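Before any comments, here is the structure.
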Ligand SMILES: Cc1cc2nc3c(=O)[nH]c(=O)nc-3n(C[C@H](O)[C@H](O)[C@H](O)COP(=O)(O)OP(=O)(O)OC[C@H]3O[C@@H](n4cnc5c(N)ncnc54)[C@H](O)[C@@H]3O)c2cc1C
């Protein structure tokens, strides 16, 4: 008998659970009339992780697709703009050592690779400044759009910083009130299996049995369904990425109108790095470090030094993190999304974007019935494994290019044993040419495209020895693109408002839908 | 500079104000904030658009009087050769709460029309100003409700106007919005009926018709160019 897949059960009500619920329910609204259901089961006793405040620009289309108002999102989630990240002290550790990984592509990126031209005649400008306005917008503390720019549209590409504790309840309201998602507050006690190994139903303490056709495991680090029940092993990545502990703290501004950065600031430390995320009402700061390379006391001290006297009286939360992911992500009728699928240090805010991409893939490829589910599952596993691998490579890239030798952490990080082969090969290739379109970045919806590699490589002082005769004939186009970038930069700097001013206006007046 | 004070029949008994349209006195505006109650009078002369307030992003309705200049000011720069929008007529007056106020620094203040009679009663001129505000104040509110309704129904869309003039110059008008006719055609019957009963359908079609004034305005501009060249 061919049974249609129409009862989707999501376990977990964190960022992953509610995003998955929203994306799936929005995509299948039309089928709701004919019996398609989305149910989210969440423990009233186990809290959500409540961190994870940096996102990717994909969040704009995700929220727009599920029908959220951007104005409401700004007002209710303490949301701010994110125009990329600056990486301080990653290369040499010196006070003036910093570069940007912005969210805008280099000028004319689809037309011409500007790297070889910049390498030959950069005239002392950073790669980022030579090809893109965003670093300078961040330097100036400017917002990426104006109050007249419609919701979700940008003048300069942007993502968000948000309050994770407010985001899940915000999505919950939208999903239950607008998208018809059923919300069940109950602890899952046992997971009941069918003969073929599929999950048949969940037995909960407060709400009895909950049957389903497809189960989405968003239960966080516990990986209740895919890990505990189906026994899919965890693939540890701590041999590549060493950080295994986070110390997180929320720091109020000195004055309510203090300037607020519109980018994530990531500052390298002795045994890891500190994130600094500006929300309208507070900063979220955290030290991600390797406990093999630092004691907790030393890490606390480094964090206190970064925050300054303001840290007195604030509570610092210790969160153990485990680098790695499940060996497969979809097994039988169960697919894991979010922390249940895996976690890598939040250096490039890759977790939530992966949640969005996974949810989208599930929603788009929703198997019609159990018979075709394994085909969809195999594809999902293929794409998702590829993505985790590429994220590991990209995060490691930030470490292998360091010239720091001031602690074991940095020395160990450049040890070839710790570098994945694919990344090693790419770095070797890129000694003689720069990454661009044809460089394996061929998958649809690459998490980190070639442009991201360019910004990090050349931001960290990597130099490709390109053959000068290789770019013959494109010098004029390159010169024009660099000129255009300078003009766009001037225009944006004169017309964009200050970051905090725009957010205040969004609270006061709202953004227009068009 | 502005120096806005509440109007008072004692202090301002002998104040005079130049009332007519005049380029030097502030009528040389290309785009004027209007209320929906003015649409029937506007549509026979001007294109009516929506635009966004640069401070708040909020939509408002505006009449286009020209491109860079007010093309309807008479040749001597005095007098508007067409319906003069209330927001121009009311100059240099404002409202402050429920009071009428005046900008004493306006170049209009000094000579011209008296505001008060010897008895302290308002003159017929001042009464027209009071009447203008009586229409404008609720008018802007009603316009806002109209716009909010259109936004909810996704009936507003951006429009770009590309113009070429006889002297070879080109002009691209951006940041303007008009009625989305495709969405309008696709509205369900009940919504159309509701728009009709609220008088909005009429306003919608006035706005659509007003777009035909764009080429007329461009012709007027061309004539100006020829006059100044010849
Ligand atoms: C220190 C740190 C910093 C981070 N920074 C970033 C960042 O900047 N950007 C980014 O993209 N990501 C970041 N992340 C990752 C991000 O926080 C997570 O990916 C995201 O919050 C998703 O979490 P989740 O929903 O999978 O899990 P959780 O938030 O842990 O939710 C788990 C849910 O499962 C439920 N549950 C568990 N067991 C049961 C049960 N038995 N019965 C019923 N329900 C159950 C819980 O009640 C809860 O609702 C960071 C993570 C950490 C640790």
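Residues that are within 11 Å of the ligand (Cβ to nearest atom) number at least 2 in the following strands (runs of 3 or more DSSP E) confined to the range A:186-295: A:188-193, A:199-204, A:214-217, A:245-252, A:264-268, A:272-278, A:282-289.
Taken as a whole, the condition of being away from the ligand (no atom under 16 Å from the Cβ), part of a loop (DSSP other than H, G, I, E, B) and in contact (Cβ under 8 Å) with a residue 12 or more places away in the chain applies to residue A:67. All of A:486, A:479 fail the test of being more than 14 Å from chain B (Cβ to nearest Cβ) and either modelled with pLDDT under 95 or more than 21 Å from residue A:129 (Cα to Cα) (or both), apart from A:479. Filtered by the rule that a residue be surrounded by 15 or more Cβ atoms within 10 Å (Cβ to Cβ), closer than 16 Å to residue B:52 by Cα and away from every other protein chain (no Cβ under 14 Å), the range B:126-149 gives B:140, B:143, B:146. Screening A:155, A:188 for residues that are within 14 Å of another protein chain (Cβ to nearest Cβ) and at pLDDT 95 or above leaves exactly one candidate, A:155.
In the range A:11-64, what residues are more than 15 Å from the ligand (Cβ to nearest atom) and either within 18 Å of the chain's Cα centre (by Cα) or part of a strand (DSSP E or B) (or both)? Of everything in the range A:11-64, those that are more than 15 Å from the ligand (Cβ to nearest atom) and either within 18 Å of the chain's Cα centre (by Cα) or part of a strand (DSSP E or B) (or both) turn out to be A:37, A:38, A:61, A:64. Of all residues in the range B:72-87, those being touching a helix residue (DSSP H, G or I) at 6+ places or on another chain (Cβ under 6 Å) and at pLDDT below 95 number 2.
The criterion of at least 1 residues that are exposed (fewer than 15 other Cβ atoms within 10 Å of the Cβ) is met, among helices (runs of 4 or more DSSP H) falling completely within the range A:446-514, by A:475-495, A:499-508.
Restricting the range B:197-215 to residues that are loosely packed, with under 13 Cβ neighbours inside 10 Å and in a helix (DSSP H, G or I) leaves a set whose member that is farthest from the chain's Cα centre (by Cα) is B:197. On the stretch given as the range B:52-91, residues that are within 12 Å of the chain's Cα centre (by Cα) and not in a loop (DSSP other than H, G, I, E, B) total 9.
Is at least one residue of the range A:168-175 over 29 Å from residue A:68 (Cβ atoms) and either in contact with a helix residue (DSSP H, G or I) (Cβ under 7 Å, 6 or more places away or on another chain) or part of a helix (DSSP H, G or I) (or both)? No, the conditions are met nowhere in the range A:168-175. Residues that are within 10 Å of chain A (Cβ to nearest Cβ) and free of Cβ contacts under 8 Å to residues at least 12 places away in the same chain within the range B:150-168 comprise just one, B:152.
The values are calculated or read from the model by the stated rules, or taken from the named source; none is laboratory data. Quick caveat, the model's predicted, so the values are computed rather than measured. No Cβ is skipped: glycine too gets one built from the backbone with ideal geometry, and neighbour counts run over all protein chains shown.
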